[in-house]
Structures are given as C-alpha cells and as structure tokens.
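So the structure is just underneath, and the comments pick up after that.
Nothing in this text is a laboratory measurement; each read-out follows from the coordinates by a stated rule. Since this is a predicted model, take the numbers as computed values, not measurements.
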Amino acid sequence: MHSASVKHFFRIFATDFMPFISNILQHKSLSIVGLEKNTGKTVCLNYILHRLNELGVQVGVTSIGVDGEQVDSVFATAKPEITLFRDTYFITSEKHYLMRQALSNIVAVDSQRTSLGPLVTAKVLIPGKVLLSGAATTSILRRQIQTFDSMGIGLSIVDGALSRLSLASPTVTEAMILATGAAVSANVKQLIAKTRHLYQFIMLDEVEEPLRTILGDIESGLWAIDSDQQVHDLGITSVFLIDRSEQNILRFGHTLFAAGAISDRLLKILAAKGKDITLIARDFTKIFVTPEVYTEYTRRGNRLMVLQRSKLIAITLNPTSPQGFLLDSKSTCDALSDALQTPVYDVVQIRSEGE
C-alpha cells in the first residue's frame, strides 16, 4: 500500500475515535468561541491541535485578542497554555512572540502595528508553549486566514478571546466550535437556557439565492423585500430613526433586512407594527436580543432568518467555573445534548478516555 494510502486510511481510522475532528478536516478555517470567558476555549484548542498533530495535519493558528496566558487576568486562577507542535504556523504580537517557549522561525512581520507591536508570523521548529495575541478586527483576521491559505496551509484556527463572537461569522471562518460551561452558570437549567438561546440563533434558517447575493452587498440600513424579491431602501440608517419615520416600513411587504446589528429595540418595534414579519440578519453574530424579547417577537408569528448560517462543528463543555464550582460532566453534557438535540463534549474527558 502506498504511503499516501496508508496516511489516508490512518486518518479515517483515527477520526472515528476523535469526536468532531473529522468534521473539522472538511473545512479550511475554524473559530473557537466561548459563550463567556473561562468556558474552555484554550483546552479545546489544545485538544484539537494534539489530535491534528497525531494525524499529521499542518495548521496555522492565530487569535483575536490575547490567549494562552498562564494566569487569568480577572480571577487570578491558573489557565492552560497553548502548546504548538512542529511545523505549526502561528501569528502573534511581537511582545508575545519574544515570550514564546517554542523554538520557531520567523516567516513574516506585518507592517501594521498593534498595541503589543507588529504581528509576527512564524513556523514552529521545536514544540513548546506560546501566547497568542492576534488581530483586533475581523478584517485583519480574514487577511491572515488568506495568508495561511496562500502558503498551502490546509486549516486555519482562530482562538477567540473573552466572549467575542464576531470571528465566528461565516464571513470570517468557515466553521465554528462553541464552548460553554459552568462559567456561564453553575445552575444547569440556567446554563442550558443561555446556551440554547445562542444556539437557536446559530441554527437560524438561511434565505435562498438569489436574494442572499443581492442583500450580501448591502452594508448598512434597513431594507424591504417585496413579493417579487425586489429590494427597497427604506431610508432608515439606524434603528433609532424608525420611530421618527412617517412612512410605513411594511409598505413593500413583511420581509425586512437589517444590514447592521439587530437589537431588542428593533424586534419590539416590529412586533408592535404587525405579525408574520420576517427579519433577515447578516448572520448570528449580528443578533443581540434577549430571550424575553425574542420569545414575544416569535409568539406573534414573526421569524428571524440569516443570509448565511455558521457551520457549527461541535459544542464543548467546561464543567469547572473560575470560582472552583464543579458540575458533573457526564450528566451536564447529556442534559445539554438532550435540550439542544446535538452532541456536547467535555474534551478533557475525551482526552483522558483516549489515552
């Protein structure tokens, strides 16, 4: 059997014992985001890097914000550091590059500076631990992912900082992993409710072509779509101007597109104006709506949709809160899985069971 065939067989065999790794390999870019801080993003990243290294998959890694620090800046508790393997490419700030424990070779230095110095792209020669402090904006992240892709790196992974969800937009990364856990709530029912609230937005239905392409080019404002799928500018650049508009925003029909953020205020206004309204968001990262307002909006027969749905690879659980409270891993994973009707993993348990 040729070496390429052996490698292909090994990947198929190995991923059967590595939950969700096979799905990751079907994409070119992946973001790891947390519902809150301390939900286990770095542990998840280390698990993925470890498994991909076993499979011989070369990756590029970066971050939005700062990740990989030894001590949590808020709770002063120990945090897992990021371990990178040989031939892994990574991007971090000059300050944190100089603090690395891995031996690496600099490939490029970005001319655009950050508060921690220019961004350095490097290749790991001898494995070790690193601090990742990457792009401050999603536009820079997109450029970095394109750079990895142009270098022939098959998979780019972006590790999220705090609870920033913008990097999980399908306009930035092809796929995402959502990390939740006891840091969100030590009460399992509340944890399920908060996780399910975000999950329902991630899983919203997409609009169909050609409407998706037409609306995708619109950058701001509130727009209406009529029964012939013709798009009309309502001349409302901000949700705060809706109440001042003398014209009926539903005059072209009950389908609207909000190019910017969707807030409680917008849903309340629409719910008061009518029923059977369809509001389209760019993607789930633009939706900032509380459970109570969303429930009332949908109760009237209204719905939310997105131009593009994010591809959710997995949901992971960190059963330990930064205050030291520990949830039962198995029962909590099972409860979340039942509530969301999708698998939920504790990667620490997966790792210990597989070794």
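Rounded, prolate or oblate, given the Cα gyration tensor of segment 211-306, with a/c below 1.5 counting as rounded? Because its axes are fairly even, with a/c under 1.5, segment 211-306 counts as rounded.
Available extension along the chain between MET151 and GLN26 is 43.2 nm, counting 0.36 nm per residue and deducting the alpha carbon span. Here the extension length gained between ALA272 and LEU116 equals 51.4 nm, from 0.36 nm per residue of separation less the Cα-Cα distance. Among DSSP beta bridges whose residues both lie in the chain, state the antiparallel percentage, nearest 5. Bridges in the chain are about 45 percent antiparallel.
Take every DSSP beta bridge whose two residues both sit in segment 211-306; close to 45 percent of them are antiparallel.
Can you tell me the length gained on complete extension of the stretch ILE242 to LEU55, counting 0.36 nm per residue apart and subtracting the Cα distance? Present the calculation step by step, with values, prior to reporting the outcome.
On the way: separation 187, 0.36 × 187 = 67.32 nm, distance 5.39 nm.
The span from ILE242 to LEU55 would gain 61.9 nm if fully extended.
When shorter helices are ignored and each DSSP H run of at least 4 residues is given -39500 (n - 2.57), the per-residue value for the chain at 222 nm works out to -9000 deg cm²/dmol.
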